[in-house]
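Values quoted throughout were computed directly from the atomic coordinates according to the rules given, and no laboratory measurement underlies them. Because the structure is predicted, anything quoted here is derived from the model rather than measured. Note: ideal-geometry Cβ built from the backbone for every residue, glycine included; neighbour counts use all protein chains shown.
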Amino acid sequence: MRPVLSIAAGALALAAVPSQAQERELTEHEQRVRDIYRDVIAFRTARGHGQVDDMVAYLTGRLSEAGFANEDILVTDYDSEGDPTQGLVVRYSGDGSSGEKPIVLLAHMDIVDALPEDWDRDPFTLVEEDGYFFGRGTMDNKYGVANLTGTFIRLKEEGWTPSRDLYLVFSGDEETGMVSTRAQAKWVAENVGPAFVLNSDAGGVGLTDDYQPMAQRVQAAEKTYVTFDMTVTNPGGHSSRPRADNAIYELADALQKVRGYEFPARATPLTRSYLGALGQAIPGPMGEAMKSFATNPEDEEAIALIRTHPEFHGTIATTCVATMLEAGPAENALPQSATAAVNCRVFPGEGVELTKQRLADAIGNPDVAIVARGEPTESPESTLRDDVRAALAKSLEARYGRAIPIIPYMESGGTDGMHYRALGYNTVAISAGASRPQDVYAHGLNERMRVDAFYAGLDHWTVLLKELAGS
Ligand SMILES: [Zn+2]
């Protein structure tokens, strides 16, 4: 999960949400999800701690108790680049009356590790303080896990039967290797063939400084993440006898070219409507530039201005930036090789190969070898389906008592969703969470979630599923 919309705060503000009575009694569903939230946060499901399987055992226990049959619960072991983890799939069988294909719901069980000594409170104990829940995963993504699991249990206990099959698919290494994600996406393609996929791990309601709902963000596309190693090699020699050709100088020249290169501006219906909506909310020349770009994506002045802002630059083009350097064996030897890591976020549809070619052309030196690390996942853009938009609007209306703007956006890349998009499935992330930009601490210290936002989002998936899979 990544923060977006951090400068639009306030501009799309709606009327204040009625504040919840702090001391009121929790409903059975609220208590259940809070308990699951507390219990799953206690598992240190970071790479290297071997606790994903404990969390899976806990969740399957809760689901079995609620009436999910063993044959509807699938636990799979994965080796995530040397670290054992697990994935969990839960089927909620429908009666098939709608004749529609299943819906897949995503969350991830693993976390970015948290060091207790660095936190103000124990990251693996759910702490409620000053109107916040603190703990690792309170946002990313154990709220998604607890909310989706609690929703399945609630609906089962109500005796509800969906009109199509529903699947929870929880991955176990989203934050690292995504080995479980890739395997689960393949399994879903082979065994489920869903109509579409909904992800709990991004999107969500952006709140203004004074906690008013601004807009529901819908992650509908992700840029491709790829790192290129750029290497110059050289015979080297003694530093007392400098040669004209030097691997470090040559690499430095190449990096200067990368620095000065701008990838061509790109636009899709998604990014145009996103910038158009943001432009309405942002005052001054930047807002004007966004609105101009939305109507004419070839407006050079608008492009130039948008490129100056680090947060928006990536919305209109591929970006690449040098992030690491390695060169030379000793201070008194000429370098035999020099390597820089250049991290790129590739605009959907542009491709890793074309990006590499453009970098090579910009550098103009065939002696600089450019090699992509790993196997980047390229994924197309998804559209926000009308049925999903309508269900989401209904859920928001139920939560806030009024319509909330729904704004699809493109993320810089990194959630489970891209692996489903890559296989051709329409995938949008629509977290039930709500937060102010300054309260987003995912991956960082003292991760937190507003207590009132936590409870306010607990009907989100119930409303959505009853709309999309009701009789
Ligand atoms: Zn996440």
Worksheet item: Once the other residues with Cβ under 14 Å from the Cβ of residue 290 are scored (Lys, Arg +1; Asp, Glu -1), what is the net sum?
Response: -1
Worksheet, complete the sentence: Rounded to the nearest 5, the percent of antiparallel DSSP beta bridges in the chain equals 70
Discussion item. At R0 = 22 Å, how high is the FRET efficiency between residue 443 and residue 373 if r is their beta carbon distance? Nearest 0.05 is fine.
Written reply: 0.60
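Which GluC sites (Glu not before Pro) from the stretch 305-382 combine a DSSP loop assignment with at most 12 other Cβ atoms within 10 Å? Spell out each step's value before the answer.
Numbers: sites: 311, 326, 331, 350, 353, 378, 381; in loops: 331, 350, 378, 381.
Passing sites in the stretch 305-382 are 331.
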Worksheet item: Quick one, what does Rg over Rh come out to for the stretch 54-127 if you take C-alpha atoms and the Kirkwood Rh?
Response: 1.09
Worksheet entry | Positive minus negative residues near residue 252 (Lys, Arg vs Asp, Glu; Cβ under 15 Å) | -3
Worksheet item: Among 399-408, 63-72, how do they line up from the highest to the lowest mean number of other beta-carbon atoms within 10 Å?
Response: 399-408, 63-72
Practice prompt. For the stretch 312-366, evaluate the Debye formula with one uniform point scatterer on each Cα (no solvent term) and list log10 I(q)/I(0) at q = 0.18, 0.25, 0.26, 0.32 Å⁻¹, rounded to two decimals.
Written response: -0.73, -1.05, -1.09, -1.24
Worksheet item: Which Rg and Dmax, in Å, describe the Cα atoms of the stretch 32-164?
Response: 16.1, 54
Worksheet item: To the nearest Å, what is the center-to-center distance of the stretch 104-141 and the stretch 57-86, using C-alpha atoms only?
Response: 21
Worksheet item: In debye to the nearest 20, how big a dipole does the chain give about its Cα centre with +1 on each Lys and Arg Cβ and -1 on each Asp and Glu Cβ?
Response: 940
Practice prompt. Take the Cβ-Cβ distance between residue 354 and residue 423 as r, set R0 to 25 Å, and report the resulting FRET efficiency rounded to the nearest 0.05.
Written response: 0.70
Worksheet item: So how long is each side of the stretch 290-442 along the principal axes, counting just the alpha-carbon atoms, biggest first, in Å?
Response: 70, 35, 34
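Which of the peptides 194-204, 129-139 is most tightly packed, and how do the rest follow, judged by the mean count of other Cβ atoms within 10 Å per residue?
Working: 194-204: 25.8, 129-139: 21.6.
Final packing ranking: 194-204, 129-139.
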Worksheet item: So what are the radius of gyration and Dmax for the Cα set of the stretch 253-370, in Å?
Response: 17.7, 58
Response to the item:
Note to self: C-alpha centroids of the stretch 315-340 and the stretch 172-190 sit apart, in Å, by 32
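Quick one: work out the % antiparallel among DSSP beta bridges in the stretch 92-249, nearest 5. Walk me through the numbers on the way to the answer.
Details: 8 of 18 bridges.
The answer is about 45 percent antiparallel.
Give me the percent relative contact order of the chain, please, defined on Cα pairs under 8 angstrom at least 6 residues apart. Walk me through the numbers before you get to the answer.
Details: 982 pairs, mean separation 111.9, N = 471.
After rounding, I find 24 percent.
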Fill in: Counting all C-alpha pairs of the stretch 195-313, share separated by more than 17 Å (%)
71
Worksheet item: Taking N as the number of residues in the stretch 381-462, what is its Cα Rg relative to 2.2 N^0.38 Å?
Response: 1.22
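What is the mean projected area of the alpha carbon convex hull for the chain, to one decimal in square nanometres?
On the way: hull surface 98.5 nm².
Mean shadow area of the hull around the Cα atoms is 24.6 nm².
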